[in-house]
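Read the structure below first, then the notes.
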Amino acid sequence: MVNIAIFASGNGTNAERLIQFFSDSTIVKIKLIITNNDQSGIVNVANRYKKNLQIISKNTLNTYADQFIDFLITEKVDLIVLAGFLLKIPQKLVTAFPKKIINIHPSLLPKFGGKGMYGINVHKAVIESKEHETGITIHYVNEEYDKGEVILQEKCKVDSFDNPDTLSDKVKRLEHYFLPLAIEKIVSKQI
Ligand code: GRF
């Protein structure tokens, strides 16, 4: 069994999708949910599906990275999925989980990545730049924001009538469809 920890700071729709997709899986278990935001939708998702939820502050993540890594190891976490996690992952964690941390980003990286490029900011920037297409990138996490090796990219059209909200919906649909499939592929290589 491959144990997954999902790190999320927002609504948690991707986390919910993963929990549902892998609910009957014999190879993947969503073991833990980690958030830095106890007011976010992800807390409700974790409670609704009775998942072990841990709330961690930015300070704790950075100051007690070793203890946090020990905790993840004790919980037998094999893969970390960042699904809208807004804190930077400390180098120690990246080193402790080489090629075992993946992130989903709502644009076609390297376009519209980097600091400040999250959530609706990404879709606003795509519209302002008059792009004809956008999409999602699933990639490994290294020490630089949004710069790890790309695992998968999927595109969608930006129509003339699109605004940041409609674009966000289109991109979310891609995320919900492809993130579980990408994880399935990664995991089947690991087994
Ligand atoms: C997603 O758009 C993901 O690409 C980005 O954060 C968002 C999380 O959305 N990294 P949700 O909380 O899963 O709805």
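Since every read-out is calculated from the coordinates, none of them should be taken as a lab result. Only a predicted model underlies this, so the values are computations on that prediction, with no experimental measurement involved. No Cβ is skipped: glycine too gets one built from the backbone with ideal geometry, and neighbour counts run over all protein chains shown.
Couple of notes before you dig in:
- Sorted ascending by nearby beta carbons within 10 Å, beginning with the fewest, His139, His132 become His132, His139.
- Only the Cβ atoms of Lys and Arg (+1) and of Asp and Glu (-1) were treated as charged; on that basis the dipole of the range 1-135 about its Cα centre amounts to roughly 60 debye.
- Estimated FRET transfer efficiency (Ser129, Tyr177; beta-carbon r; R0 30 Å; 0.05): 0.75
- Entries of Lys76/Lys99; Lys99/Lys130; Lys31/Lys185; Lys124/Lys185 with Cα pairs more than 26 Å apart: Lys99/Lys130; Lys124/Lys185
- Value of Rg to Rh for the range 1-82 (Rh from inverse mean 1/r over Cα pairs, i.e. Kirkwood): 0.96
- Long pairs among Lys157/Lys189; Lys58/Lys111; Lys115/Lys155, criterion Cα-Cα beyond 29 Å: Lys157/Lys189
- Ellipticity estimate at 222 nm from DSSP helix runs (n ≥ 4, -39,500 (n - 2.57)) divided over the chain, nearest 500: -12000 deg cm²/dmol
- For the chain, the Kirkwood estimate of hydrodynamic radius, built from reciprocal distances between every pair of different alpha carbons, is 16.9 Å.
- Fewest-first ordering of Ser168, Ser160, Ser107 by other beta carbons within 10 Å of each residue's beta carbon gives Ser160, Ser168, Ser107.
- Based on C-alpha pairs under 8 angstrom that are at least 6 apart in sequence, the chain has a relative contact order of 19 percent.
- Rough spin-label spacing in nm, given labels placed 7 Å along Cα→Cβ, for Asp24 and Ile120: 3.8 nm
- Residue order for Val126, Val171, Val2, fewest other beta carbons within 10 angstrom first, comes to Val2, Val171, Val126.
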